[in-house]
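Engineer: Have a look at this one before I ask anything.
The values are calculated or read from the model by the stated rules, or taken from the named source; none is laboratory data. What you see is a predicted model, and the numbers here were worked out from it, not measured in a lab. Counting neighbours? That spans all protein chains shown, and the Cβs are built from the backbone with ideal geometry, glycine included.
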Amino acid sequence: DASRAVTVVGNLLQKDNKVFKEQIREEYDKFREQFLKRGKKKEFLSIEDARKNKFKIDWNTAEIVKPKQLGVHVLDNFDLKTLEDYIDWSPFFRSWDLHGKFPDILNDEIVGQQATELYNDAKKLLQQIFNEKLLKAKAVFGLFPANTVNDDDIEVYANDLSPRAQSRGHNETINFLTLRQQSKKATGKPNIALADFIAPKETGIQDYIGCFCVSTGFGTEQLVKEFEANHDDYNAIMIKALADRLAEAFAEYLHKEVRTNHWSYASNENLTNEELIKENYKGIRPAPGYPACPDHLEKKTIWKLLKVYENIGVELTDSLAMWPAASVSGYYFGNPEARYFGLGKIKEDQVKDYAKRRGISNEEAEKWLSPNLAE
């Protein structure tokens, strides 16, 4: 971190720097050891063996709560002011190449003054956004009955949510396809897929899943053009950075509302914003394109299930980026044992299996999963 260079050099030049030097040596011994470990060739399981080593939940005693409000819900023209307390400011400063944790960064001896000026400017523009309604916030989310089928797929009952319709088979099903860790684990460690956190269909236990899309980007493009036309590049960048922070805040706010109200599996939750940022809540909110589910194609499934474009106007580009850019989408898993994880590298047998399940060619599957393909 270049911003720490002056402090580090100062410590090295101190007369009593032996302890500091020893700390550096110990730290870099650990770095070398970790680097050498990474260089060792990884072992992988076949997809069949990885599935045998799945994350196991005792479904007979599992805590499953039926959502109070099943189906699709739309929030249109949401009051952005509500999101102010949910903003995580640390990534905002990182987007300006100022590294440190908020609010400590405001008092940092190296970047504190610059960070404070930036923060004050951001708060000023944020209030203008609220007062003049410069941006629009919209959201759509859905809560559905669901079960895991064939180990790695999550079957979602999409339209008629009544148990009677389900028992008669009068229901459209949409499948979320998940990917499973394939690297060989230490004894007792599972090879996880997101499907492990939903009750298998053969248990006869009805489970549930949610998904969502939020956006605070409507209006951003026009504001950027206006700032740039006035040669105000600073605020053109600032408005995009704030729209991104508001989108993440909206995702955090909505997830809290789902946990405590709509799904109500954590109705007594009372967490601070810092605890929310640290994800100290029950359940998880993974997103397509992120470590647990790196396949962006799953966004198409969310868009189909929630009718995202029809309901709130957020589009998917050809590369499956979201437009407006200040948008967030993902899943809700409510099981208390659900956890975040990284998929890591996967082998050709899983890629072929995944392509078959999705109904695409092996080549297309490899294109979308290229960062996760093992050599």
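Engineer: State yes or no: is D58 modelled with pLDDT under 95, exposed (fewer than 15 other Cβ atoms within 10 Å of the Cβ) and within 27 Å of the chain's Cα centre (by Cα)?
Structural biologist: Numbers: modelled with pLDDT under 95: no; exposed (fewer than 15 other Cβ atoms within 10 Å of the Cβ): yes; within 27 Å of the chain's Cα centre (by Cα): yes.
Judged against the criteria, D58 is not a match.
Engineer: Do you know which residues across segment 94-132 are exposed (fewer than 13 other Cβ atoms within 10 Å of the Cβ) and either touching a residue at least 12 places away in the same chain (Cβ under 8 Å) or in contact with a Cys (Cβ under 8 Å, 6 or more places away or on another chain) (or both)?
Structural biologist: Answer for segment 94-132, where residues must be exposed (fewer than 13 other Cβ atoms within 10 Å of the Cβ) and either touching a residue at least 12 places away in the same chain (Cβ under 8 Å) or in contact with a Cys (Cβ under 8 Å, 6 or more places away or on another chain) (or both): P103, E109.
Engineer: Go through the residues of segment 348-361 one by one and say whether even a single one is of a type in the set (S, T, Y), touching a helix residue (DSSP H, G or I) at 6+ places or on another chain (Cβ under 9 Å), over 19 Å from D88 (Cβ atoms) and without any contact (Cβ under 8 Å) to a residue 12 or more places away in the chain. Working first, answer last.
Structural biologist: Here is the first cut: in segment 348-361, the ones of a type in the set (S, T, Y) are 354, 361.
Then drop every residue that is not touching a helix residue (DSSP H, G or I) at 6+ places or on another chain (Cβ under 9 Å), which leaves 354, 361.
Now narrow it down to the ones that are over 19 Å from D88 (Cβ atoms): 354, 361.
Checking the rest, the ones that are also without any contact (Cβ under 8 Å) to a residue 12 or more places away in the chain come to 361.
Checked segment 348-361: at least one residue is of a type in the set (S, T, Y), touching a helix residue (DSSP H, G or I) at 6+ places or on another chain (Cβ under 9 Å), over 19 Å from D88 (Cβ atoms) and without any contact (Cβ under 8 Å) to a residue 12 or more places away in the chain.
Engineer: Of the conditions (1) buried (at least 19 other Cβ atoms within 10 Å of the Cβ); (2) among the small types (G, A, S); (3) in a loop (DSSP other than H, G, I, E, B), S267 clears all except one; give me its number.
Structural biologist: (1)
This table checks each residue for (1) closer than 20 Å to F250 by Cβ; (2) under 15 Å from the mean Cα position of the chain (by Cα).
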residue: H296; (1), (2): no, yes
residue: K300; (1), (2): no, no
residue: M322; (1), (2): yes, yes
residue: F333; (1), (2): yes, yes
residue: K345; (1), (2): no, no
residue: Q350; (1), (2): no, no
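Engineer: Of everything in segment 293-320, what is in contact (Cβ under 8 Å) with a residue 24 or more places away in the chain and aliphatic (A, V, I, L, M)? Give them in sequence order.
Structural biologist: L297, I302, L305, L306, V308, I312, V314, L320
Engineer: For segment 271-292, indicate whether the set of residues that are farther than 22 Å from R94 by Cβ and touching an Asp or Glu at 6+ places or on another chain (Cβ under 6 Å) is non-empty.
Structural biologist: yes
Engineer: Moving on to the next point. Quick one: which of K278, K307, K300 is of a type outside the set (A, V, I, L, M, F, W, C) and at pLDDT below 95?
Structural biologist: Being of a type outside the set (A, V, I, L, M, F, W, C) and at pLDDT below 95 holds for just one of K278, K307, K300, which is K278.
Engineer: Here is a follow-up. Please go through segment 359-375 and pick out each residue that is assigned to a helix (DSSP H, G or I) and surrounded by fewer than 18 Cβ atoms within 10 Å (Cβ to Cβ).
Structural biologist: Here is the first cut: in segment 359-375, the residues assigned to a helix (DSSP H, G or I) are 362-368, 370-372.
Passing the criteria: N362, E363, E364, E366, K367, S370, P371.
Engineer: Residue check, G100 against (1) in a helix (DSSP H, G or I); (2) on the phi > 0 side of the Ramachandran plot; (3) not charged (D, E, K, R), all met but one. Which one?
Structural biologist: Against the list (1) in a helix (DSSP H, G or I); (2) on the phi > 0 side of the Ramachandran plot; (3) not charged (D, E, K, R), G100 comes up short only on (1).
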